[in-house]
Amino acid sequence: MARSRAARSRIERIVPILMITPSVIAIAVFVYGFIGWTVYVSMTNWRGLAPSFQFVGLETYNQLFVGIFDLGRFRTDLVNNVFFTILFLGTCIVVGLLLAILLDQGIRGEGIFRTIYLFPMALSFVVTGVVWRWLFAPSSGINILPTLIGLEPLNFQWYIDNTKILTFYWPGLAPILVGLGMIVALGIGISLWSNQARRKYVPIPALAFLAGLIWFLAGGPQNSPNVPIPEEHGFHPALIAVVIAASWQLSGYTMAMYLAGLRGIPEELREAARVDGASEWQVYRHVVLPLLRPITLSAMIVLGHISLKIFDLVFTMAGDANMPTDMPGIYMFRSTFVGSEFARGAAIAVVMLIMVAVVIVPYLVYSTRREAEL
Amino acid sequence: MTAVKRSKVPIYAVLIFFAVIYLMPVYVMLVTGLKSFDEVTLPRMWHLPQGLHFDGFAEAFQHLWPNLRNSLLLTIPATIISSMLGSLNGYVLSKWKFPGSDILFPLMLFGMFIPYQSILIPLVQFMQGVGLYGSIAGLALVHIVYGIPITTLIFRNYYAEIPTEMVEAARVDGANIMGIYWHVLFPLSLPGFVVVVIWQFTNIWNEFLFGVTLTSPDSQPITVALQNLAGSQIVEWNVQMAGALLTALPTLLVYIFLGRYFIRGLLAGSVKG
């Protein structure tokens, strides 16, 4: 009996591991192994159809950030992607929150409204791209809507608009990274300061911030690698068309998240605030919205990582060579599968992965750790 | 029918305004798709068609039919297999935790967030190496592998809700690990399977990047064919809009009839993209 119990416990330790092994191997190879191989390819000089693995280190990255590859296309992509992400997240959060709050007012036909706001989620980005391309056709679509009530047509060029506003010069990568590091250090410092128990750690981010400041004052930006010729970047209004289409597809998602959050707030909490004499607006401002903050954070992470790797939508709307709406995902596709510049494609992909990992890894660590504490 | 409270009129106004905006692209798809070839002119885009014409749909269907078939051949097996794998993984990771399983799980989850560009070059080399490049089976394999994280996540959370006492009771009765899965967990899994199957079906059907980089013209899924149809300058708008509707129809039907489960998958921490 004792022996069979031991045998059984051994089986119960081994069999679960055996059951999950095929999946673990698949993920180990297809995710981690392939990422490793992509990183390696990005450090070779592989271009053209025949693989070549001569090691060139970080030269391709150097070319992307401060070199002459495709006239700085990658830098344009990064700037576009940052503007797109900010506008797309902002639109989805504002529209989603507004719709959720309105739907939470005891509305008749709530189910129908919800279904309408959420159905684009079920569509492919390719369908969205094809339809909105037609809606944004400059001599038709949205531009001629005003003529239906007798007004003049609009004159927007939408996604083919080639203008640029809020222009600035690309200062090279180092000042951007140091500046970002200083902002992060400042944020960490402020959050440490607000917590009595952790206040003693404040000198660490403070020193980091100071080091950045000294680097700037000592002329670090002038002495770090920079683009060969000054390069003007800025916000392309053409991106607004992509933001509208992407928000049409995904703002229903934030609405659903906020609505679920609103339904989770006990009515007694709001009632208590009302008894204390708070107006309906104050109830939202001081009771409801603070409780929705965690939802805003997860919505930003989920939508943020989608926007960093966006590809299909822009590809179908504007093609793979429309600079005002170009994105890193598109450039990676074009370098690799049109230009056979495999090392370049791999390097772009690695930068995309790092951007997504910066957003996702803390989120994964945080949510699995919180679960372990529960 | 009771009257709507007057104070709520502005709320309804805003909600209806947004509903019109959300439905506008569908209206345009429908009216353009149903127009005849000579009716599709730029200035008359918003006008209703004069009579119903199905030539746009007929032509779109003719173009897209082989790819619709490819997409079905791809999506159905890939959905079933990745759901089964997710169910087994979720069972192990929720009811038979082993040392290290709590580290393994987030490492697996990371796989559903990565930009697939970062594995695309080795993936193409691998598929060429094993002779699956350009085949529907190869594309299905890719969707199964990269579907493991999300299906595992949903099933793990689903099984976590099922009391561990049930597993313990079956264990005391002498059932082994597979027996417990088959006789205790699996019969309770239907709602979980509905959520996962809908989610995977929608995602695989709608996917584009793998479809466009791993297939040959014979094996292209419908999203790639739609993009090619729309990308060529000679195809009329009514054919494009009809094609977009055809591409959207299967997932749209799933959403309309099983929307509840679709939303549950959405909120289960799952992600589009």
Listed by chain and number, the residues whose amide H is under 5 Å from that of A:G234, excluding neighbours fewer than 5 places away on the same chain and using placed H, are A:F168
Square roots of five times the C-alpha gyration tensor eigenvalues of region B:198-249, ordered largest first and given in whole Å, equal 20, 15, 7
Within the set A:R108, A:R75, A:R133, GNM on chain A using Cα springs under 10 Å gives the largest fluctuation to A:R108
Sorting A:W193, A:W248 on solvent-accessible surface, 1.4 Å probe, most exposed first, gives A:W193, A:W248
In nm, the gap between the two label points placed 7 Å beyond Cα toward Cβ at B:I80 and B:N176 is 2.6 nm
The simple spin-label model distance between B:F54 and A:R5, using points 7 Å out along Cα→Cβ, in nm, is 7.2 nm
The Rg/Rh figure for region B:104-222, Cα atoms and Kirkwood Rh, to two decimals is 1.09
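With every protein chain kept in the model, how would you rank B:Y159, B:Y133 by accessible area, 1.4 Å probe, largest at the top?
On the way: B:Y159 0, B:Y133 90 Å².
Correct descending sequence by accessible area is B:Y133, B:Y159.
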For region B:31-47, in residue order, the Karplus 3J(HN,Hα) values (coefficients 6.51, -1.76, 1.60; θ = phi - 60°; whole Hz; Gly and Pro = x) are 5, 5, x, 8, 7, 7, 4, 6, 7, 7, 10, 4, x, 9, 4, 8, 6
Probe 1.4 Å, heavy atoms of protein chains only: per residue, the accessible area of region B:64-267 in Å² is 37 Å²
Rounded to 0.05, the calculated FRET efficiency for the beta carbons of A:V94 and A:S52 at R₀ = 41 Å is 0.25
With x for Gly and Pro, the residue-by-residue ³J(HN,Hα) of region B:180-192, computed from phi through the Karplus equation 6.51 cos²θ - 1.76 cosθ + 1.60 at θ = phi - 60° and given in whole Hz, is 5, 4, 5, 9, 10, 6, 4, x, 8, 8, 3, x, x
For region A:1-141, shape from the Cα gyration tensor axes a ≥ b ≥ c, cut at a/c of 1.5 then a/b versus b/c, turns out oblate
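Could you compute the FRET efficiency for A:L148 and A:I183, with r as their C-beta to C-beta distance and R0 at 60 Å, rounded to 0.05?
Numbers: r = 47 Å, r/R0 = 0.79.
Approximately 0.80, to the nearest 0.05.
In deg cm²/dmol and to the nearest 500, what is the mean residue ellipticity at 222 nm of chain B if only DSSP H runs of at least 4 residues count, each as -39500 (n - 2.57), divided by the residue total?
Values: 11 runs with 190 residues, N = 273.
Theoretical 222 nm ellipticity from helices: -23500 deg cm²/dmol.
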Quick calc: nm separation of the 7 Å Cα→Cβ label points for A:I68 and B:E161 -> 6.1 nm
Over all pairs of different Cα atoms in region A:223-374, the reciprocal of the mean inverse distance gives a Kirkwood radius in Å of 19.3 Å
Treating every alpha carbon of region B:9-53 as one equal point scatterer without solvent, the Debye formula yields log10 I(q)/I(0) values at q = 0.17, 0.23, 0.34 Å⁻¹ of -0.55, -0.74, -1.16
Accessible-area order for A:D161, B:D55, largest to smallest, probe 1.4 angstrom, reads B:D55, A:D161
Under the Karplus relation with 6.51, -1.76 and 1.60 and θ = phi - 60°, whole-Hz ³J(HN,Hα) for region A:191-198, x at Gly and Pro, equal 5, 5, 4, 6, 10, 3, 5, 9
Ratio for region A:289-340, C-alpha Rg to 2.2 N^0.38 Å, reads 1.55
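Between A:L213 and A:V275, what length in nm is gained on full extension when 0.36 nm per residue of separation is reduced by their alpha carbon distance?
Numbers: separation 62, 0.36 × 62 = 22.32 nm, distance 5.08 nm.
Stretched out fully, the A:L213 to A:V275 stretch lengthens by 17.2 nm.
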Against the 2.2 N^0.38 Å rule of thumb, the C-alpha Rg of the protein assembly as shown sits at a ratio of 1.03
quick shape note, chain B: Cα extents on principal axes in Å, largest first -> 73, 65, 30
Reported to the nearest 10 Å², B:D173 has, with a 1.4 Å probe, an accessible area equal to 130 Å²
Short to long, in 5 Å steps from zero, the percent of alpha-carbon pairs of region A:252-309 per bin is 4, 18, 23, 20, 14, 10, 6, 3, 1, 0
Heavy-atom accessible surface buried between A and B, both sides counted, 1.4 angstrom probe, nearest 100 Å², is 8400 Å²
Note: probe point = Cα of B:Q62 + 7 Å toward Cβ; backbone nitrogen < 14 Å; residues of region B:226-242 passing the test are B:235-236, B:239-240
For A:F34, the accessible surface traced by a 1.4 Å probe with all protein chains present amounts, in square angstrom to the nearest 10, to 20 Å²
Scoring only Lys, Arg, Asp and Glu (+1, +1, -1, -1) among other residues with Cβ under 15 Å from the Cβ of A:L97 yields +3
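Using per-residue counts of other Cβ atoms within 10 Å, averaged over each peptide, order B:7-19, B:71-83 from highest down. Could the numbers behind the result be given before it?
On the way: B:7-19: 14.0, B:71-83: 21.2.
Result, highest mean first: B:71-83, B:7-19.
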At 10 °C in a medium of viscosity 1.306 mPa s, chain A has a Stokes-Einstein diffusion coefficient, with Rh taken as the Kirkwood radius over alpha carbon pairs, in µm² per second, of 64 µm²/s
Cross-link reach from B:K95 to aspartates and glutamates, straight Cα distance under 19 Å and at least 8 residues apart if same chain, gives A:E12, A:E371, A:E373, B:E161, B:E165, B:E168, B:D173
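Ignoring everything except DSSP H segments at least 4 long, calculate the 222 nm mean residue ellipticity for chain A; use -39,500 (n - 2.57) per segment, divide by total residues, nearest 500. Don't skip to the end; give the middle numbers.
Numbers: 16 runs with 237 residues, N = 374.
Estimated from H runs of four or more residues: -20500 deg cm²/dmol.
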Extension length gain for B:K8 and B:E168 (0.36 nm per residue less Cα distance), in nm, is 52.3 nm
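The values are calculated or read from the model by the stated rules, or taken from the named source; none is laboratory data. What you are looking at is a predicted structure, and each value in this text was computed from that prediction instead of being measured. Neighbour counts run over all protein chains shown; Cβ positions are idealised from the backbone, glycine included. Note: areas computed on protein heavy atoms with side chains; ligands, DNA, RNA excluded. Shrake-Rupley method; radii C 1.70, N 1.55, O 1.52, S 1.80 Å.
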